[in-house]
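This report concerns only the one structure given below.
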Amino acid sequence: MRYLLSGAAGFIGSHLCDRLIEKGHEVLAIDNLITGHEENIEHLLSHPQFRFIEHDVCVPLNLQQGIDRVFHLASLASPVDYLAHPIETLESGSTGTRNMLEIAVKNKARFLLTSTSECYGDPLEHPQTESYWGNVNPVGLRSCYDESKRYAEALTMAYHRTYAVRTNIARIFNTYGPRMALNDGRVVPAFIDQALHGMPLTVFGDGSQTRSFCFVSDLADGLLRLSESDERYPVNLGNPVEMTILEFAQEIQSRFGDDVKIEYKPLPSDDPRLRQPDIAKAKRLLGWEPHVSLREGLGVTIDYFRKKVGERELLRLEPRPDQQSGVMAS
Ligand code: UDP
């Protein structure tokens, strides 16, 4: 089958590209590289079944070939990124989603939207089930992300009801793993980067807010299962093992040693106090649940970041051509 993937050079998108190519599908990958990195899909660029187009999902895309499946992942998913680009974030959720849905209609293709646990805002129900409508501040700093995804969900349902597009909506909870950007500000890369540099871990607030971390291979598996299902309403995908951010910082400390200190910083506004997915629906409908423990997933992720940091330091140390001996002007 031929897949169109927006946000293909991003963290989750690139892992999905790998899975689809491994399964023998064709992948047309698009990304405007605002937060994605070509490096994430570099290894696929010469594959005959893979094609990358640098393209902004907010601009209509005229395709010459037919498409069987559309996966719409393009979005700025890290709080640091969407706070820096609030309008682009709203646009990729609204105009971008509409452009991808139009392609699905034209091609009679199935459509998967990657939505978010942010639809629940600062939740008053815990853990969060899909039937909970959320507690989102519509004008707060995070609203550009939360409301764009809520709009994207509504648009997806409207296209399903109006044009009978076969749609799926995944509500993704915190996910981590290799290919996250080291500097994207999310807590997993932030703490690992800090620990690797012997810097204090910046815990926001008193660290009592909770998150549940899902390893990316588990998430990719859930997304692929969901994309084959007939469930039109949102399905939570995430790891239900909940911990406080302070406990997460201590987990990082336990791996790097007591030299790594904790430094408390102000809690950003509207930072959800609790977050834990109820995944009963995904278990029942998709036979899916995460299998990778935090211990195991963090090990792989730390190894990846260690390598990245090493390469970055090497680049910094490598003399530029005009500084190399023999090339320098006398
Ligand atoms: N956080 C933190 N220190 C950091 C980055 C994040 O304490 O350097 C906290 C943040 O306030 C939030 C949690 O970690 O409560 C997860 O933040 P992240 O940005 O990863 O994603 P979110 O779940 O908020 O979308």
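The values are calculated or read from the model by the stated rules, or taken from the named source; none is laboratory data. The model shown is predicted, which means the values in this text are computed figures rather than measured ones. We place every Cβ from the backbone using ideal geometry, glycine too, and count neighbours over all the protein chains shown. Side chains included, ligands, DNA and RNA excluded: accessible areas come from the protein's heavy atoms. Shrake-Rupley method; radii C 1.70, N 1.55, O 1.52, S 1.80 Å.
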Rounded, prolate or oblate for the chain? Axes are the square roots of the Cα gyration tensor eigenvalues, ordered a ≥ b ≥ c, and the cut-off for rounded is a/c under 1.5.
oblate
Computed helical MRE - 222 nm, the chain, DSSP H runs ≥ 4 contributing -39500 (n - 2.57), nearest 500:
-12000 deg cm²/dmol
Selection from Pro48, Asn135, Ile103, by position along the positive dipole direction of the chain (Cβ)
Ile103
Highest to lowest packing among 137-146, 251-260, scored as the average C-beta count within 10 Å
137-146, 251-260
What ranking, highest mean first, results for peptides 152-161, 125-134 when packing means the other Cβ atoms within 10 Å averaged over each residue?
152-161, 125-134
Which of the listed residues, His85, Met243, Tyr120, is farthest toward the dipole's positive end in the chain, when Lys, Arg count +1 and Asp, Glu count -1 at the beta-carbon?
Tyr120
Work out the charge dipole of segment 187-238 with +1 on the Cβ of Lys and Arg and -1 on the Cβ of Asp and Glu about the Cα centre, then indicate which of Ser229, Phe213, Leu196 is farthest towards its positive end.
Leu196
In nm, the gap between the two label points placed 7 Å beyond Cα toward Cβ at Ala154 and Trp133 is 1.2 nm
Heavy-atom accessible area per residue, the chain, 1.4 Å probe: how many Å²?
46 Å²
Simple Cβ-charge dipole of the chain, Lys/Arg +1 and Asp/Glu -1, about Cα centre, in debye nearest 20:
840 debye
Within a Cβ distance under 14 Å of Glu228, other residues only, what is the Lys/Arg minus Asp/Glu net charge?
+3
Inter-centroid distance (Cα atoms) of segment 15-67 relative to segment 133-207, Å
21 Å
Return a whole-number percent for the relative contact order of the chain, with Cα pairs under 8 Å and 6 or more residues apart as the contact set.
16 percent
So, counting K/R as plus one and D/E as minus one, what does the shell of residues with Cβ under 9 Å around Leu113 add up to?
0
Amide hydrogen neighbours beyond the local backbone of Ile262, cut-off 5 Å, H modeled:
Leu201
Could you tell me which of rounded, prolate or oblate describes segment 147-253, using a ≥ b ≥ c as the square roots of the eigenvalues of the alpha-carbon gyration tensor, with rounded for a/c under 1.5 and, failing that, prolate when a/b is larger than b/c and oblate otherwise?
prolate
What is the local net charge at Asp270, summed over the other residues whose Cβ is closer than 11 Å to its Cβ (Lys, Arg +1; Asp, Glu -1)?
-2
Hey, any idea what % of segment 97-209's accessible area is carbon plus sulfur with a 1.4 Å probe?
54 percent
Under the classification rounded if a/c is under 1.5, otherwise prolate if a/b is larger than b/c and oblate if not, where does segment 60-172 fall, given a ≥ b ≥ c as square roots of the Cα gyration tensor eigenvalues?
oblate
Given an 8 Å cut-off on Cα distances and at least 6 residues of separation, report the relative contact order of segment 20-99 as a percent.
31 percent
